[in-house]
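Peer 1: There's a structure below that I have some questions on.
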Amino acid sequence: MVRCPKCNVVLSRDRAVCPLCSCVTEEMNKEEQDKFSGLFDEGAPYPDLMKKHRALRFVMKLLLFLFVVSEIIMIIINVNVTPDIAWSAITGAALLYGYMSLLYWIKTDAGFAAKVGQQLLLTSILLYLIDRYSGNWGWAVTYAIPGVILFGDATVSILIALHRKSWYTYILLLLMIGVMSVAEIGFYFAGWARNIIMPLICVIVTGLYILGALLFGSNSALRELKRRFHI
């Protein structure tokens with residue numbers, strides 16, 4: 001009987017490495033073996049932990065196949081029915097976005113902050129692409145992306161309320177939203193946004209969030225920034 005020193009799992013069979021983390025196992029002493037011997041039947045196998053992962057891979061492959069087939073159908077319809085409008089590019093971007101989002105949320109071990117941040121960026125990019133390929137009216141940069149930024153501010157508020165003891169872990173997400181807000185002002189002066197009202201609202205709201213975080217939780221926020229940037 002051996003034990004994994006990393007995940008502290010006891011194995012009924014003498015295995016050189018842990019089936020969970022591949023760490024080298026260590027022999028248990030006589031007292032520990034007597035303690036756990038009654039919990040195992042002779043030759044009891046460890047659970048098939050890869051079964052769930054195999055099923056998940058199959059589902060993701062099936063979804064990818066369905067997305068590709070759907071886009072091919074959309075392209076065929078687009079070419080034969082409305083060849084003057086490339087709307088199939090928008091559907092393809094939407095399908096790719098949906099698949100990558102599912103893949104990221106399922107497979108990664110990143111926390112809520114990282115996942116929310118990526119979703120905000122991907123959504124903003126997708127909205128811009130839809131705007132660009134549907135006539136470049138400027139509605140994405142002027143209204144839609146600022147709406148995503150304000151939604152991000154609201155999401156941070158909810159996450160902080162739900163995780164009050166570890167609220168400072170969302171400071172980087174808040175700073176990222178702040179950068180997006182400042183970029184919106186830059187888009188206005190570059191002529192991409194039609195008016196400055198929504199970008200200005202984003203800067204004010206996000207700025208107040210960041211100012212509040214620094215004033216009311218300066219020590220925790222600074223420690224989190226130092227830890228993240230290895231200062």
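Readers should treat all values here as calculations from the given coordinates under stated rules, not as data from a laboratory. As the structure is a prediction and not an experimental result, all values here were calculated from the model. Counting neighbours? That spans all protein chains shown, and the Cβs are built from the backbone with ideal geometry, glycine included.
Peer 1: Considering only the other residues whose Cβ falls under 14 Å of the Cβ of L120, what net charge follows from Lys and Arg at +1 and Asp and Glu at -1? It would help to have the intermediate numbers written out before the result.
Peer 2: Details: positive: K115; negative: D153, E184.
Once positives and negatives cancel, what remains is -1.
Peer 1: Stretch A55-F189 to full length: gain in nm at 0.36 nm per residue minus the Cα-Cα span? It would help to have the intermediate numbers written out before the result.
Peer 2: Numbers: separation 134, 0.36 × 134 = 48.24 nm, distance 5.02 nm.
Answer, rounded to one decimal: 43.2 nm.
Peer 1: Have a look at the range 128-177 and give its Rg and Dmax from the Cα atoms, expressed in angstrom.
Peer 2: Here Rg and the maximum Cα pair distance are 14.7, 47 Å.
Peer 1: How big is the range 65-179 along each principal axis, measuring the range of its Cα positions in Å and listing the largest first?
Peer 2: Answer, in whole Å and largest first: 57, 34, 17 Å.
Peer 1: If we count other beta carbons within 10 Å of each Cβ, what is the order of C202, C4, fewest first?
Peer 2: Fewest-to-most ranking of C202, C4: C4, C202.
Peer 1: What Kirkwood radius, in Å to one decimal, follows from the Cα pairs of the range 117-231?
Peer 2: Kirkwood hydrodynamic radius for the range 117-231: 14.8 Å.
Peer 1: Something else now. Given the Cα-Cα distance of D84 and D34 and 0.36 nm per residue of separation, how much length would full extension add, in nm?
Peer 2: Residue separation times 0.36 nm, minus the Cα-Cα distance, leaves 10.3 nm.
Peer 1: Show me, for the range 203-216, the HN-Hα J-couplings you get by feeding each phi into the Karplus relation (A = 6.51, B = -1.76, C = 1.60, θ = phi - 60°), rounded to Hz, glycine and proline as x.
Peer 2: Working through the residues one at a time gives 5, 5, 5, 5, x, 5, 4, 5, 4, x, 5, 6, 6, 8 Hz.
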